[in-house]
Amino acid sequence: MILVGQDLDRAQAEELAGLKEFEVIFELIFWANKIRQKFKGETVDLCAIINAKSGRCSEDCAFCAQSSWYPTEAPHYPLLDVDEMLAAAQKALENRAGRFSIVTSGRAPADLKEMDRICQVISTLSNQGQVSPCASLGLLTPKMAAELKKAGLKRYHHNLETAPSFYPSICTTHSIEKRMETIKIAQQEGLEICSGGIFGLGETMSQRLEMAFTLRDLGVDSVPLNFLNPIPGTPLEKRPPVPPLELLHSIALFRFILPRADIRTCGGREKGLRTLQPLMYPAGCNGTMIGNYLTTEGRSPQVDIQEIRDLGLTPNADFGFPISE
């Protein structure tokens, strides 16, 4: 039904989520791959980020190493200089990323000086036209969104993090409604939206579906799926890992529910999926984040590129550079 343009409803999704048999889950993954092929083709959308301002965040998100509420070892530093951010964008481009995002810690940009510096980087990248500029700066006002759009921003990232029904268990310093408000403000300015969440926070499979349907209702363009990497000092430091096959099952369900969206794997994929990591593409992903994450290291981009090619897929920014052995 999805392959002919019909949307999955919640009852149908719950039925698919209840599948437990090993063979049946791989049959689900087979059809998720068919949906990916039909709506997204054989191209893998690569992105990279820079942790442009780190630590001392006022918000109490239970998973976050950068929250000032928790005694973690995350680095603390103010917003980087323009040249440092541009150098990171150039490195991302060399690693074949088609998108580059400026990510800052905190509830929202601190002041006009920070916004001006970020907009300068976005404007430079937009004018160069080699890598698509994205940003993840927290909660937005309409004025901020307009400034970012004017500077040349293409896509704004702002995760829901989890299902609305589970969100109060993860964050109490701002509501999920505030997050949705920021998404709508960015959309009103004509920005594309990248919004997803984290698997493994303690949510149920049904709540993962709830998040997927909420994202569908919001009309987001890209859905980043992260997998909890428990950080010592945070409230979730002792959360047990979700089995890799369950994570693949969840990715496939997101592809069924959001057939036209970019679905990309991001932080925690190495630990979460372990040896099953290459199966994230057949399970429905058409994108991934390369390089390092905010406070944790990723794997070599060359390994990711080789894996994509070995699966018969094509990186979206594949410039034909040789892969290092």
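The values are calculated or read from the model by the stated rules, or taken from the named source; none is laboratory data. Because the structure is a prediction, the values reported are computed rather than measured. Neighbour counts run over all protein chains shown; Cβ positions are idealised from the backbone, glycine included.
Of everything in the range 29-47, what is of a type in the set (V, I, T) and outside any helix (DSSP H, G or I)? Give them in sequence order. It would help to see each step written out before you state the result.
Of the residues in the range 29-47, the ones of a type in the set (V, I, T) are 29, 35, 43-44.
Result: T43, V44.
Residues checked against (1) under 21 Å from I198 (Cβ atoms); (2) touching a Cys at 6+ places or on another chain (Cβ under 7 Å); (3) in contact (Cβ under 8 Å) with a residue 40 or more places away in the chain:
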residue: L28; (1), (2), (3): no, no, yes
residue: F39; (1), (2), (3): no, no, yes
residue: E42; (1), (2), (3): no, no, yes
residue: I49; (1), (2), (3): yes, no, yes
residue: L80; (1), (2), (3): no, no, no
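Residues in the range 23-71 that are under 16 Å from S136 (Cβ atoms), of a type in the set (V, I, T) and in contact with a helix residue (DSSP H, G or I) (Cβ under 7 Å, 6 or more places away or on another chain): 1 in all. Has the range 143-151 got any residue that is closer than 17 Å to S195 by Cα and surrounded by 20 or more Cβ atoms within 10 Å (Cβ to Cβ)? Looking through the range 143-151, at least one residue is closer than 17 Å to S195 by Cα and surrounded by 20 or more Cβ atoms within 10 Å (Cβ to Cβ). For the residues P230, P301, P235, P241, the requirement of being touching an Asp or Glu at 6+ places or on another chain (Cβ under 6 Å) and farther than 27 Å from K38 by Cβ singles out P230. Within the range 51-68, restricting attention to residues that are in contact with a Cys (Cβ under 8 Å, 6 or more places away or on another chain) and not in a strand (DSSP E or B), which residue is nearest to D81 (Cα to Cα)? Filtering the range 51-68 for residues that are in contact with a Cys (Cβ under 8 Å, 6 or more places away or on another chain) and not in a strand (DSSP E or B), the one nearest to D81 (Cα to Cα) comes out as Q66.
Taken over the range 91-100, the criterion of being closer than 20 Å to A135 by Cβ and either modelled with pLDDT of 95 or more or surrounded by 21 or more Cβ atoms within 10 Å (Cβ to Cβ) (or both) is satisfied by A92, A97, R99, F100.
Consider the range 13-25 and keep the residues that are over 14 Å from R255 (Cβ atoms) and surrounded by 13 or more Cβ atoms within 10 Å (Cβ to Cβ). The one that is modelled with the lowest pLDDT is L19.
Could we say that W69 is of a type outside the set (V, I, T) and in contact (Cβ under 8 Å) with a residue 60 or more places away in the chain here?
Numbers: of a type outside the set (V, I, T): yes; in contact (Cβ under 8 Å) with a residue 60 or more places away in the chain: no.
It is false that W69 is of a type outside the set (V, I, T) and in contact (Cβ under 8 Å) with a residue 60 or more places away in the chain.
Each residue in the range 20-48 was checked for being closer than 16 Å to G312 by Cβ and among the aromatic types (F, W, Y), and 1 of them qualify.
Beta carbons closer than 6 Å, at least 6 apart along the sequence or on distinct chains, pair a first residue in the range 217-239 that is closer than 26 Å to E181 by Cβ with a second that is part of a strand (DSSP E or B) and charged (D, E, K, R) for D221/E192; S222/D262; P224/R264.
Taken over the range 272-318, the criterion of being surrounded by 14 or more Cβ atoms within 10 Å (Cβ to Cβ), of a type in the set (D, E, K, R) and assigned to a helix (DSSP H, G or I) is satisfied by D304, E307, R309.
Put simply, of T162, T172 the only residue that is surrounded by fewer than 18 Cβ atoms within 10 Å (Cβ to Cβ), in contact (Cβ under 8 Å) with a residue 40 or more places away in the chain and on the phi < 0 side of the Ramachandran plot is T172. If you check D60, D83, which single one turns out to be acidic (D, E) and under 18 Å from T124 (Cβ atoms)? Selected residue: D83, the only one of D60, D83 that is acidic (D, E) and under 18 Å from T124 (Cβ atoms).
Which members of the range 238-260 meet the condition of being assigned to a helix (DSSP H, G or I) and either among the hydrophobic types (A, V, I, L, M, F, W, C) or over 13 Å from E203 (Cβ atoms) (or both)?
Step one: filter the range 238-260 for residues assigned to a helix (DSSP H, G or I), giving 244-257.
Once the filter is applied, which keeps residues that are assigned to a helix (DSSP H, G or I) and either among the hydrophobic types (A, V, I, L, M, F, W, C) or over 13 Å from E203 (Cβ atoms) (or both), the range 238-260 yields P244, L245, L247, L248, H249, I251, A252, L253, F254, R255, F256, I257.
Buried (at least 22 other Cβ atoms within 10 Å of the Cβ) and among the basic types (K, R), is that true of K53? The answer is yes for K53.
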